[in-house]
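Single-structure report; data block below.
Only the coordinates and a few stated rules stand behind these numbers; no lab work does. Not measured: the values here are computed from a predicted model. Note: ideal-geometry Cβ built from the backbone for every residue, glycine included; neighbour counts use all protein chains shown.
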Amino acid sequence: MSRPRGRPAQGTGVSRNDILTAALALLDESGGQGLSMRALAARLGVTPMSLYHHVEDRTGLLRALSDRVYAEVLADPVKHADRLGEIRAILVRYHGAVSRHPQLTLAIFATPEAFAGVTRQITDRLTELLADITPEPHLWRDILIDHAHGSGLPMVLSKTQTMQEHYRLALNRLLERLEA
């Protein structure tokens, strides 16, 4: 039996984009425990060592996946008239990303070293915005992000529009209290 060497059978190399796409699919299908370098390499038809040319390790892979999935959270071409509008927009987009890929969020929880890059930028931006409207920006950031997680992670079990609408309603109530 011959093992694949660093290239797929077609003779083309594996790209970082291919790796991230396959890793996210594997994570969505089988959860954090199912995402290993060996399983990913098997899915791509390459040796595990060939992956290390593109990502340093599993933690680096999770960081890269996080950057890809959460990049849209801070990308907002619409200017908001107020801080709460921007906070709301960031959190709704974050909740959407968590809902689409809840296993990624759970994998990051299990690997705190993966918390970097875009996820760090999101928390920093929220803290900055909240600092202008409350003397407790870190506390409110944690409450709001935990609320997004708590509402988004059940999407693993039930992907319903009602749950997303419920999240937005609850977020509005929280932000009304913050503003008061």
How far apart, in nm, are the 7 Å Cα→Cβ label points at Asp76 and His147?
-> 1.5
Whole-Å distance linking the alpha carbon centroid of the range 97-150 with that of the range 28-68 is 23
Name the most mobile residue of Thr105, Thr119, Thr162, meaning the one with the largest mean-square fluctuation, in a Gaussian network model of the chain with Cα contacts below 10 Å.
-> Thr162
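Residues with beta-carbon under 12 Å from that of His54, excluding His54: net charge, scoring Lys, Arg +1 and Asp, Glu -1? Intermediate results must be reported in sequence, preceding the final value.
Details: positive: Arg16; negative: Asp18, Glu56, Asp57.
Residues close to His54 contribute a combined charge of -2.
Per DSSP helix of 4 or more residues, -39500 (n - 2.57); summed, then divided by the residues of the chain. What does that give at 222 nm, rounded to the nearest 500? Before the final figure, lay out the partial values.
Working: 9 runs with 120 residues, N = 180.
So the calculated ellipticity at 222 nm is -21500 deg cm²/dmol.
Compute the Cα gyration tensor for the range 59-179, then decide on rounded, prolate or oblate, letting a ≥ b ≥ c be the square roots of its eigenvalues: rounded whenever a/c is under 1.5, prolate when a/b is larger than b/c in the other cases, and oblate in all that remain.
Details: a/c = 1.67, a/b = 1.24, b/c = 1.35.
Oblate, since a/c reaches 1.5 and b/c is not below a/b.
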Roughly how many nanometres apart are two label points built 7 Å out from the Cα toward the Cβ at Leu169 and Glu136?
-> 2.6
